[in-house]
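Notes follow the structure.
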Amino acid sequence: MKQALQHLTVATGLRGLHEVTREIDHWIDHQDIRTGLLTLFCRHTSASLLIQENADPDVRTDLERYFESVAPEAPDRYVHDAEGPDDMPAHLRCAPR
């Protein structure tokens, strides 16, 4: 059984949803693998992987609005801010619901 490993760095700059499908597809296309299992692991404590359809950009807009409603960036609302005022909202946004 063949295995392959790749580290993908996503330079985001800002919070939000970031599309990585193109980079993953590109890597898969260059492997000599036609079937198997792909495991993606986010190494940041306040980042998560969200798998959604991306045919309609309104989906991303609505998801962003939803996350803002359940975990607004309101510094006075949270105690934890070790990495800045957006730290705790980021943790909440990546928590399972």
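Read the figures in this text as sums done on the coordinates, not as results from a lab. Just so it is clear, the model here is predicted, and its values are computed rather than measured. Note that we place each Cβ from the backbone using ideal geometry, even for glycine, and neighbour counts take in every protein chain shown.
Observations on the structure shown:
- Sub-6 Å Cβ pairs linking a first residue in the range 7-22 that is in contact (Cβ under 8 Å) with a residue 60 or more places away in the chain to a second residue that is not β-branched (Val, Ile, Thr), at least 6 apart or interchain, are Arg15/Asp86, ordered by first then second residue.
Every residue, every condition in (1) part of a helix (DSSP H, G or I); (2) of a type in the set (A, V, I, L, M, F, W, C); (3) touching a residue at least 40 places away in the same chain (Cβ under 8 Å); (4) closer than 30 Å to Lys2 by Cβ, yes or no:
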position	(1), (2), (3), (4)
Asp25	yes, no, no, yes
Ile28	yes, yes, no, yes
Ser46	no, no, yes, no
Tyr66	yes, no, no, no
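- Selected residue [among the small types (Gly, Ala, Ser) and within 13 Å of the chain's Cα centre (by Cα)] from Ala55, Ala74, Ala11: Ala11
- If you go through the range 1-23 and keep only what is surrounded by 10 or more Cβ atoms within 10 Å (Cβ to Cβ) and assigned to a helix (DSSP H, G or I), you end up with just Glu23.
- Some residue of the range 48-65 being under 14 Å from Arg15 (Cβ atoms), in contact with a helix residue (DSSP H, G or I) (Cβ under 7 Å, 6 or more places away or on another chain) and surrounded by 10 or more Cβ atoms within 10 Å (Cβ to Cβ): no
- The one condition in (1) touching a Phe, Trp or Tyr at 6+ places or on another chain (Cβ under 9 Å); (2) under 25 Å from Pro85 (Cβ atoms); (3) not small (Gly, Ala, Ser) that Gln6 fails to fulfil: (2)
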